[in-house]
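Since the structure comes first, as structure tokens, the remarks are kept for the end.
The values are calculated or read from the model by the stated rules, or taken from the named source; none is laboratory data. Owing to the predicted nature of the structure, the values given are computational and were not obtained by experimental measurement. Cβ: placed from backbone, ideal geometry, glycine included. Neighbour counts: every protein chain shown. Heavy atoms of the whole protein, side chains included, go into the accessibility calculation; ligands, DNA and RNA do not. Shrake-Rupley method; radii C 1.70, N 1.55, O 1.52, S 1.80 Å.
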Amino acid sequence: MQPQWPLRLWIVRHGESAGNVARAAALAARQAMIDIAERDVDVPLSPVGERQARALGRWFAEQPAEERPEVIVSSPYRRARHTAELIRAASPSGLHSRGFILDERLREKEFGVLDRLTTQGIAQRHPDQVEFRRILGKFYHRPPGGESWCDVILRLRSALDSLCLRHGGQRVLIVGHQVVVLCLRYLLEGLTEEEILAIDREGDIANCGLTEYVFDAQGGGMRLHRYNWTVPLETEAAPVTAQPHGGAPR
């Protein structure tokens, strides 16, 4: 009987983006705003991010055929989609032959009125949201026009259901964003609010950092094999970066 879950599931954060670079510059200069012209969905990869994606693609290409993805499912945001395309382009003939899918449910968390603001900018322009976040906590706080982590989790529950329905028994690669990776861990491992926030506090997920699950036939679910793994980048001598995108403070 074919398992309901994928046989193997890789979850990758996109490569370094222009937004990551702009956020780091704004924080270093103690600026309120992140200097980026594009809307969030259109923010491109930086040259370093393209290098990271190609490095991860080459690493996948060097694996045995039975250990490579058969399907790629990506956030439609430009930085994630381009990461997925570069990984796919590095693949040998036949890899991903069963599909390349864009799924809007894997998009970045929406920051609403906090979009493009640094931590300092949020404190200056929206002190009420700083207080609401303190009271509600990072997991439940929803800025006006934006999403809470719970909102992201709600759409990811639906995305996982679709994944199991359409790609059970296959090897699947998901390309998304930092919060998406964390919220998928919350769902796949049945974590609590406290447990996932503790993982988040340990540090940011590396750009093109690899999280991997394997199907556990005895347990009937997915078992974490590795998290935020950067060896593929280091093997290919690609820079390892881990800047959050922007919007809300850690």
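Observations, loosely collected:
- Odd one out for Gln31 among (1) part of a loop (DSSP other than H, G, I, E, B); (2) closer than 25 Å to Ser162 by Cβ; (3) out of contact with any Leu (no Cβ under 8 Å at 6 or more places or on another chain); (4) not hydrophobic (A, V, I, L, M, F, W, C): (2)
- Restricting the stretch 1-28 to residues that are touching a Lys or Arg at 6+ places or on another chain (Cβ under 6 Å) and not in a loop (DSSP other than H, G, I, E, B), the residue that is farthest from Ala217 (Cα to Cα) is Ser17.
- Residues that are open to solvent by 30 Å² or more (accessible area, probe 1.4 Å) and more than 17 Å from Pro244 (Cβ to Cβ) within the stretch 42-58 comprise Asp42, Pro47, Glu50, Arg51, Arg54, Arg58, listed in sequence order.
- Flag if Arg105 is within 21 Å of Pro244 (Cβ to Cβ) and touching a Pro at 6+ places or on another chain (Cβ under 7 Å): no
- Among residues of the stretch 138-160, those that are open to solvent by 20 Å² or more (accessible area, probe 1.4 Å), assigned to a loop (DSSP other than H, G, I, E, B) and of a type in the set (Ser, Thr, Tyr), counted: 1
- Test result for Arg223, among the charged types (D, E, K, R), open to solvent by 10 Å² or more (accessible area, probe 1.4 Å) and more than 16 Å from Trp10 (Cβ to Cβ): no
- Residue list for the stretch 108-137, restricted to those being open to solvent by less than 60 Å² (accessible area, probe 1.4 Å), farther than 21 Å from Ala24 by Cβ and out of contact with any Pro (no Cβ under 6 Å at 6 or more places or on another chain): His126, Arg133, Gly137
- Every residue from the stretch 161-184 that is more than 11 Å from the chain's Cα centre (by Cα), within 22 Å of Arg79 (Cβ to Cβ) and part of a helix (DSSP H, G or I): Leu163
- First in the stretch 57-82 and assigned to a helix (DSSP H, G or I), second anywhere and basic (Lys, Arg) and open to solvent by 40 Å² or more (accessible area, probe 1.4 Å), Cβ under 6 Å, 6 or more apart: Phe60/Arg68
- Hits in the stretch 197-239 - residues which are of a type in the set (S, T, N, Q) and at positive phi: Asn228
- All positions within the stretch 186-198 that are in contact with a helix residue (DSSP H, G or I) (Cβ under 7 Å, 6 or more places away or on another chain), under 19 Å from Glu108 (Cα atoms) and open to solvent by 20 Å² or more (accessible area, probe 1.4 Å): Tyr186, Leu187
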